[in-house]
Amino acid sequence: ELSRVDAVIVSDYAKGLCTEAIARAVLDGAREHGVMTAVDAKPRNARLFRGASLMSPNLKEACAFVGIEDSPQRVSETDIAEKLTKAYETDAYITLGERGMQVHCRNGQFSGRLPQAYVREVSDVAGAGDAAIATLAVALASGATPAEAASLANASCAVVVGKVGAAGATPDEV
């Protein structure tokens, strides 16, 4: 099916489905077909997704990915994103909750922090990471710049956390 899609999203909850063989098949097949791969993985499995087009962990996960588990406050979010990009050969889109998103692209196209300009009352954070990765993938596959994609993802997450339970965001809400 890779010849029929523009992007593949892997949301790995580390429950055992994403084995090394499956991760390699998805990443290698997508690369062969020129398809973007967007990954939201748990730290335990992050190594499986080295070389994905982009990874979108939250800050705690990003710190674990690059071995900064003890004192993340001593390292800037910019440095963490750069380390993640280098270590995993990927573009880093680190979600920061109400503080927005830290982005670092391998090709130098964009590096910076986009503040969360859409702060709302939080009802439930369930689904925010899924909203981020889905919005990033759709936006980038549709031709958005990294900054535009991150801004849209911020807006999508703001909508989702304002709802109770794992919920989605419609284009009109975003």
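At a glance:
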{"read-out": "Accessible surface of segment 72-139, 1.4 Å probe, proportion on carbon and sulfur as whole %", "value": "49"}
{"read-out": "Interchain or long-range residues, amide H under 5 Å from Ala166's placed H", "value": "none"}
{"read-out": "Per residue value of the accessible surface for segment 87-145 (all protein chains in place, 1.4 Å probe), Å²", "value": "49"}
{"read-out": "Estimated 222 nm signal from helices in the chain, with DSSP H stretches of n ≥ 4 weighted -39500 (n - 2.57), rounded to 500", "value": "-11000 deg cm²/dmol"}
{"read-out": "Accessible surface, per residue, of segment 12-56 when the full set of protein chains is kept, probe 1.4 Å, Å²", "value": "50"}
{"read-out": "Proximal lysines relative to Lys15, as straight alpha-carbon distance under 25 Å, when same-chain residues fewer than 8 apart are discounted", "value": "Lys42, Lys60"}
{"read-out": "DSSP bridge pairs, the chain: antiparallel proportion in percent, nearest 5", "value": "40"}
{"read-out": "Heavy-atom accessible area ranking, 1.4 Å probe, most first, across Arg74, Arg31, Arg99", "value": "Arg74, Arg31, Arg99"}
{"read-out": "Near-label residues of segment 63-97 by backbone N, under 12 Å of a point 7 Å along Cα→Cβ of Lys163", "value": "none"}
{"read-out": "About the Cα centre, charge dipole magnitude for the chain (Lys/Arg +1, Asp/Glu -1 at Cβ), debye", "value": "340"}
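The values are calculated or read from the model by the stated rules, or taken from the named source; none is laboratory data. Note that the structure is predicted; figures quoted are calculated from it, not measured. Neighbour counts run over all protein chains shown; Cβ positions are idealised from the backbone, glycine included. Note: accessible area is taken over every heavy atom of the protein model, side chains too, but ligands, DNA and RNA are not part of it. Shrake-Rupley method; radii C 1.70, N 1.55, O 1.52, S 1.80 Å.
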